[in-house]
Amino acid sequence: MKESKADLILHPVRMRIVQTLINGKTLTAQEIGERLKDIPQATLYRQLNKLTEGNVLEVVAENPIRETVEKVYSLAEQSATLSETDVESWSKNEHREYFMKFISTVIADFEKYLTQPKFDMKKDGTGYRQVSFYASDEEYLEFLQTLQQGIQKLLENDVTPTRRKRTLSTIVTSENNKSSL
């Protein structure tokens with residue numbers, strides 16, 4: 001049975017692969033593996049194949065190396081994101097299922113952080129928080145645009161010895177507050 005786009009993307013390993021290729025990056029399997037050192041090579045290749053077969057990734061170049069061919073991967077145009085139409089078509093149970101997959105990835109990322117030999121949440125800028133606020137739809141959209149611009153700028157950064165990988169996970173819920181105050 002063919003996996004849905006959400007199933008393809010929200011798989012913990014595949015989500016991490018997709019994240020390494022965000023913002024137009026093109027990488028070989030070896031380069032992806034260097035960034036995701038904890039993923040066994042066989043697993044990485046299996047998941048790269050699933051993402052390619054599902055049209056989430058595409059092979060943009062093939063470099064002959066000795067007796068083999070090294071593939072260069074990138075995200076397929078608009079295939080690594082879930083559209084509004086995709087999300088709106090889900091049932092409540094599908095939303096729960098995909099949310100749990102997303103949360104399990106967040107938990108795995110945090111567990112990986114905690115298993116490092118040394119970690120300092122304050123120094124590392126790591127944490128988890130929840131804040132509630134009141135905003136009109138217009139104020140909230142302005143906030144989202146500001147956040148998106150800041151994230152987009154950071155996504156353009158290349159890997160360097162002075163930059164550490166940071167993962168920002170967002171979950172936003174809203175209450176329909178129609179009562180008069």
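Given their separation in residues at 0.36 nm each and the Cα-Cα distance between them, THR68 and HIS95 gain 5.5 nm when the chain is fully extended.
The mean sequence distance of close C-alpha pairs (under 8 Å, at least 6 residues apart), as a share of the length of the range 1-91, puts its relative contact order at 31 percent.
Can you tell me the 0 to 90 degree angle between the C-alpha axis of helix 137-155 and the longest principal axis of the chain, rounded to 10? It is inclined by approximately 20 degrees. For GluC sites (Glu not before Pro), the sites in the range 45-144 that DSSP calls loop and that have at most 14 other Cβ atoms within 10 Å are GLU67, GLU77. Based on C-alpha pairs under 8 angstrom that are at least 6 apart in sequence, the chain has a relative contact order of 20 percent.
Once backbone amide H atoms are built at 1.01 Å from N, GLU70 has ASN63, ILE65 as its partners under 5 Å, excluding neighbours fewer than 5 places away on the same chain. Based on the Stokes-Einstein relation at 10 °C and a viscosity of 1.306 mPa s, and on the Kirkwood radius from alpha carbon pairs, the range 9-81 is assigned a translational diffusion coefficient of 130 µm²/s. Per residue, the range 88-181 exposes 96 Å² of solvent-accessible protein surface, assessed with a 1.4 angstrom probe and all protein chains in place.
The angle separating the long axis of helix 41-53 from the principal Cα axis of greatest extent in the chain is about 70 degrees. Please list, or write none, the lysines whose alpha carbon is within less than 25 Å of the alpha carbon of LYS123, excluding same-chain residues fewer than 8 places away. Straight-line reach from LYS123, under 25 Å: LYS37, LYS112, LYS153, LYS165. Taking 0.36 nm per residue of separation and subtracting the Cα-Cα distance, full extension of the segment from VAL106 to THR160 would add 17.0 nm. Applying 1/(1 + (r/R0)^6) with R0 = 25 Å to the Cβ-Cβ distance of THR167 and SER4 gives a FRET efficiency near 0.55.
Expressed as a fraction of 2.2 N^0.38 Å, the C-alpha radius of gyration for the range 65-181 is 1.43.
The values are calculated or read from the model by the stated rules, or taken from the named source; none is laboratory data. Computed from a predicted structure; not experimentally measured. Don't worry about glycine lacking a Cβ; one is built from the backbone with ideal geometry, like all the others, and counts go over all protein chains shown. For accessibility, only protein heavy atoms count, side chains too; no ligands or nucleic acids. Shrake-Rupley method; radii C 1.70, N 1.55, O 1.52, S 1.80 Å.
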